[in-house]
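Contents: one structure, followed by commentary.
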Amino acid sequence: MADTIGAGDAYMSGLVGAIVRGGLTARVIDGAVSGADLTAVGGLAAVAAGLTVGRAGAVPPTEEEIAVVAEIPWTRVSTSI
């Protein structure tokens, strides 16, 4: 761990990004998101936070960095969550 600054921000932005990219926005608003959906988007958010704390400064990862570490291409996220 290099620096914890920005970990929470990276987690939240990763969570929101995964919800939007995964096409889950309406289900979240309606309260119809499943446990599997939450596990998937939470996992991607955790990867974002983990990458952030691995470097100095509050430097959040790119979508591509998250996808590489999570071994899930963003195109698959939108159909498999």
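State the percentage of accessible surface on the chain attributable to carbon and sulfur atoms; use a 1.4 Å probe and exclude ligands, DNA and RNA. That fraction is 63 percent.
With a cut-off of 8 Å between alpha carbons and a minimum separation of six or more residues, what is the relative contact order of the chain in percent? Don't skip to the end; give the middle numbers.
Values: 96 pairs, mean separation 36.9, N = 81.
Relative contact order comes out at 46 percent.
Nearest 500 deg cm²/dmol is fine: what mean residue ellipticity at 222 nm does the chain get from its DSSP H runs of n ≥ 4 alone, each adding -39,500 (n - 2.57), divided by its residue count?
On the way: 5 runs with 55 residues, N = 81.
After summing the helix terms and dividing by the residues of the chain, the value is -20500 deg cm²/dmol.
Principal axis extents of the C-alpha atoms in the chain (largest first, rounded to whole Å): 37, 22, 16.
Here the peptides 25-32, 6-13, 56-63 are ranked by packing, the mean other Cβ count within 10 Å, and the order with the highest first is 6-13, 56-63, 25-32. Full extension of the chain between THR62 and MET12 yields a length gain of 16.6 nm, computed as 0.36 nm times the residue separation minus the alpha carbon distance. Annotation: peptides 14-24, 43-53, ranked by per-residue average of other Cβ atoms within 10 Å with the highest first, follow the order 43-53, 14-24.
Remark: the chain carries 57 Å² of accessible area per residue (probe radius 1.4 Å; ligands, DNA and RNA excluded).
The values are calculated or read from the model by the stated rules, or taken from the named source; none is laboratory data. The model shown is predicted, which means the values in this text are computed figures rather than measured ones. Note that each Cβ is placed from the backbone with ideal geometry, even for glycine, and that neighbours are counted across all protein chains shown. In case anyone asks, the SASA skips ligands and DNA or RNA and just uses the protein heavy atoms, side chains included. Shrake-Rupley method; radii C 1.70, N 1.55, O 1.52, S 1.80 Å.
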